[in-house]
Structures are given as C-alpha cells and as structure tokens.
Amino acid sequence: MLEDIIELDKKYYMNTFGDRLPVCFTHGKGLELYSDDGKTYYDFLGGIAVNALGHSHPEFIGALKSQLDKVLHTSSLYYIENQAKLAKALVNATVADKAFFCNSGAEANEGALKLAKIYHYKKGDNKTEVISLSKSFHGRTIATVAATGQEKYQKPYREFTNGFMQVEPNDINALKSAISDKTAAIILELIQGESGVHPMDREYVNEVRQICSDNDIVMIVDEVQTGMGRCGYLFAHQMYGVEPDIFTCAKALGGGIPIGAVLAKANIAAAFSPGDHGTTFGGNPFATAAGLAVMKIFKEEKLVENANEIGKYFKSELNSLMQKYPEKIKEIRAYGLLIGIELDEGIAKDVFKALFDNGILTSLCGGNTIRIAPPLIIGKGDVDLFINTLDAVLG
C-alpha cells in the first residue's frame, strides 16, 4: 500500500518535499500514530508543534463532529458566533485588544506586516521598512520569505517585496545600526525554531521593546511555533515579560485544523478599516470551533502547566544524557516542550534516522539539531520512552 501511495505522490504531487520519510499513517491516539503496515510510532514532533492535544482527543473530536452537523462555512459577510467567542478568549488571555483570523502562520505574519505598514501609512509618516533577524523563519509567501533570514528560502524568489532587511539576532548594536526614519516594524521569533531552537536573550528582547517604544516602531512577535502553550506559557512573550504591539499564532491554535491569528493592541488594530484586509476562509465556523475546543481543553486539563512541568523533566533527563555522551550531544536548548538537541554534525542525520527506525518521530533542523515539539498531553512515561530510545541509539 505504501508503495502505491508513493507512486501516486511522485506522479501527481508537485515535488516540494522530495523523498519523504517512508511511512503513511492511518490513525492515532494520544502520542501514538499507527502506520498502514501496523507499526506504532510515537509522535514527539506533534505535526510540527500543531497537535497540542495529541491524536483523536475525544472532547476535541466531539466538538468538531458537533460543528460538522451545524455549519462549516458562511463567509465573512455575516457574523460568526464561534469567531467572536474565540477572539474574546484570546484577547482575555493575553495583552491583545483585538484579533483577526486567517488560515495559516504565514498568512498571520502577512497580516501582521500589513497591519504595521498601514498603521504608519494612515499616520502619514512614510515608514515602510521592516527589520527581521538572520536565521529566522516567518513563512513561505513572498512577503514572509522576504522577512525570513535564511538564504536557502530566499534565493529562488528574488526580487521580492522591497523594504526588508535582516540583522544578526541578539546583537543590539546591529539592530540599532539598521534602524532609520523609515523603519516601520521589527519582526522576530523569541525562539527560532526552524534553525534549531535558538532563543533570544531576555535583555535583548527588552531592549528591542524599548527601541520600538521610543521610535514609534511596531514590535511584531511571531508566535506561530512558540505560542499556544508550547514553551510552558500560553505565549512565549509572557515568558520574556514583554508586550508586543502585534503577535501572531497558528499551528496548535486549531489542534490540526488550519487556522491562524493576528493579535494586536487597540491603537495598532485600529489602522485596519473595512476593506483594508480580509479573508474568505479565515475564522470560519468550523476552524474557530476547533480553536474554542483547544482553548477549553487547555484550561480543563491544565496543558500549559503540563508543558512547563514536563518540559523541565525532559530537559533534566536530556542534560543527564548529555553528561553520558558529551562527545555526541553538544547542547540542550529546551523551553517548555520546544526542545533542540544539538548533536555532533557527523552523527545528526544518522541519529535522526535511527530514532525514526525505532518509532520515534522528530525533525532535523539546522543540519545538526533534533527538534522535539510533542503534544502537550505528554507525560513522564513518554519522556522516559524517548530518553531510553535516544540512549540506545547513541550507545
């Protein structure tokens, strides 16, 4: 069966992913995923930080089925109860005053960039430039690729949207040197996931916030991966103790159903007037039903708190493993349940493949870092399973 699926994929699907890992999943439960050949895998990647509730969470599936029996889509021409309620839930849980829903993280970041630009446009101050960071990842649309600080993602699409520039992360002098009277916004991930789970320094983030406040620059925090409980806080900026003007989320917000959000302070959000931005599918009744269910289950099962607690245990166990294999494990970077295991470059690909062969799903980032972003329902027994498997692989 897998061979037939691979053949269909190669014949009919655009080759954007190359040769994928040789498995096709048919169903799942909790952290477990089951392939078409009957093998059990353990999902320590969570669909790349998406499946915060794991697989087939009964209350989540129940909420989706209930909405399926009602209405899926009506368009933004009409009021949508779930949309309004999810906006309220996110605003009440954060420093934001307003929310806008779209379909993905890239769309959320696009919306954030548009909002920052139109904020300045309507003030008439001619600020159009955006500063982002090297090694960042903000999406795959033309504008978010322009903001992404990685050559491999940018090179094929030049020339793209003008006015974007990158500076080195955690270098406040480099940032100050790049700022001009045309700087409209600074966009950054507080922890860069795609490049290998690299955090911004707390002092650096606080200085960025102050610079933005002093110079009427919009501070945008991309929380597509770090948001929704991933780092042991609902959003990573809460962990850093800063308040962005705009922040974005997606991934885990829908628990597997595509949805993204732009969240903003009132004075910034007010720049959007009717017709300035929009969406056909974004925030439809089904997607926002998923978001509401995620928020409800997070609260009921204390999943953000669990991410914090289990994340500390995971980090402790990984640090013990690093002491056992100091020549193989170079560094552990762990923030709640967003974890990077930096390995000796010569073994990273082999370790990644060996974990997969042993039924452990992860991703390989930055060439030498195993990224872990498991469902937030994870327990200590699941961590022990991972540690024992990695121990056996390294040994």
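Exactly one residue among Ile142, Ile172 is in contact with a Phe, Trp or Tyr (Cβ under 7 Å, 6 or more places away or on another chain), assigned by TED's automatic domain parsing to the domain that holds Glu243 and closer than 27 Å to Ala270 by Cα, and that residue is Ile142. Residues of region 4-36 being within 24 Å of the chain's Cα centre (by Cα) and either of a type in the set (Ser, Thr, Tyr) or not in a loop (DSSP other than H, G, I, E, B) (or both), which ones? Residues satisfying the conditions are Thr16, Phe25, His27, Gly28, Lys29, Gly30, Glu32, Leu33.
The set of residues in region 259-269 that are of a type in the set (Gly, Ala, Ser) and either in contact with a strand residue (DSSP E or B) (Cβ under 6 Å, 6 or more places away or on another chain) or surrounded by 19 or more Cβ atoms within 10 Å (Cβ to Cβ) (or both) comprises Gly260, Ala261, Ala264, Ala269. Taking the numbered list (1) in contact with a strand residue (DSSP E or B) (Cβ under 7 Å, 6 or more places away or on another chain); (2) at positive phi in turn, Leu361 passes all entries but (2).
Note on region 166-177: residues that are surrounded by 15 or more Cβ atoms within 10 Å (Cβ to Cβ), of a type outside the set (Val, Ile, Thr) and outside any loop (DSSP other than H, G, I, E, B) total 3. Every condition in (1) crowded, with 20+ Cβ neighbours inside 10 Å; (2) over 18 Å from the mean Cα position of the chain (by Cα) is met by Ile211 except one, and the failing one is (1).
From the list Gly311, Gly366, Gly381, which one is closer than 20 Å to Gly193 by Cα and out of contact with any Asp or Glu (no Cβ under 9 Å at 6 or more places or on another chain)? Break it down stepwise before answering.
On the way: Gly366 fails: out of contact with any Asp or Glu (no Cβ under 9 Å at 6 or more places or on another chain); Gly381 fails: closer than 20 Å to Gly193 by Cα.
None of the others qualify; the one that does is Gly311.
Checking each residue in region 13-52 for being free of Cβ contacts under 8 Å to residues at least 12 places away in the same chain and farther than 19 Å from Ala373 by Cβ picks out Tyr13, Met14, Asn15, Thr16, Gly18, Asp19, Thr26, Tyr34, Gly38.
Which residue, of Pro274, Pro244, Pro258, is without any contact (Cβ under 8 Å) to a residue 12 or more places away in the chain, of a type outside the set (S, T, N, Q) and in a loop (DSSP other than H, G, I, E, B)? Steps first, please.
Details: Pro244 fails: without any contact (Cβ under 8 Å) to a residue 12 or more places away in the chain; Pro258 fails: without any contact (Cβ under 8 Å) to a residue 12 or more places away in the chain.
It is Pro274.
The single condition from (1) closer than 30 Å to Gly254 by Cβ; (2) more than 20 Å from the chain's Cα centre (by Cα); (3) among the acidic types (Asp, Glu); (4) surrounded by fewer than 17 Cβ atoms within 10 Å (Cβ to Cβ) that Glu305 fails is (2).
Applying the selection to region 75-92, what residues are of a type outside the set (A, V, I, L, M, F, W, C) and either in contact with a Ser or Thr (Cβ under 7 Å, 6 or more places away or on another chain) or not assigned by TED's automatic domain parsing to the domain that holds Gly278 (or both)?
Within region 75-92, the subset of a type outside the set (A, V, I, L, M, F, W, C) is 75-76, 78-79, 81-83, 85, 88, 92.
Those that are of a type outside the set (A, V, I, L, M, F, W, C) and either in contact with a Ser or Thr (Cβ under 7 Å, 6 or more places away or on another chain) or not assigned by TED's automatic domain parsing to the domain that holds Gly278 (or both): Ser75, Ser76, Asn82, Gln83.
Considering region 105-125, and only residues there that are crowded, with 19+ Cβ neighbours inside 10 Å and either of a type in the set (S, T, N, Q) or more than 19 Å from the chain's Cα centre (by Cα) (or both), the residue that is nearest to Asn215 (Cα to Cα) turns out to be His120.
Phe100: under 30 Å from Val262 (Cα atoms), surrounded by 21 or more Cβ atoms within 10 Å (Cβ to Cβ) and hydrophobic (A, V, I, L, M, F, W, C), yes or no? So Phe100 fits the description; yes.
Which one of these is charged (D, E, K, R) and outside any helix (DSSP H, G or I): Lys114, Lys127?
On the way: Lys114 fails: outside any helix (DSSP H, G or I).
When all the criteria are applied, what remains is Lys127.
Every test in (1) in the same structural domain as Ala373 (by TED's automatic domain parsing); (2) closer than 28 Å to Tyr204 by Cα; (3) among the hydroxyl-bearing types (Ser, Thr, Tyr) is passed by Tyr240 save one, and that test is (1).
Among the numbered conditions (1) buried (at least 21 other Cβ atoms within 10 Å of the Cβ); (2) polar (S, T, N, Q); (3) touching a strand residue (DSSP E or B) at 6+ places or on another chain (Cβ under 7 Å), the only one that Ser134 does not meet is (1). Residues in region 220-241 that are out of contact with any Phe, Trp or Tyr (no Cβ under 8 Å at 6 or more places or on another chain) and either assigned to a helix (DSSP H, G or I) or more than 23 Å from Lys312 (Cβ to Cβ) (or both): Val224, Gln238, Tyr240.
Answer yes or no: is there a residue in region 270-293 that is out of contact with any Gly (no Cβ under 6 Å at 6 or more places or on another chain), crowded, with 24+ Cβ neighbours inside 10 Å and within 17 Å of His138 (Cβ to Cβ). Among the residues of region 270-293, not one is out of contact with any Gly (no Cβ under 6 Å at 6 or more places or on another chain), crowded, with 24+ Cβ neighbours inside 10 Å and within 17 Å of His138 (Cβ to Cβ), which makes the answer no.
Applying the selection to region 301-341, what residues are basic (Lys, Arg), assigned to a loop (DSSP other than H, G, I, E, B) and without any contact (Cβ under 8 Å) to a residue 60 or more places away in the chain?
Keep residues of region 301-341 that are basic (Lys, Arg), which gives 302, 312, 315, 324, 328, 330, 333.
Of the ones still in play, those that are also assigned to a loop (DSSP other than H, G, I, E, B) are 302, 328.
Hit for region 301-341 is Lys302, nothing else.
Exactly one residue among Ile310, Ile329, Ile341 is more than 30 Å from Val242 (Cβ to Cβ) and at pLDDT 95 or above, and that residue is Ile329.
The values are calculated or read from the model by the stated rules, or taken from the named source; none is laboratory data. Just so it is clear, the structure is predicted and the values come from calculations on it, not from any experiment. All Cβ positions, glycine included, derive from the backbone under ideal geometry; neighbour counts span all protein chains shown.
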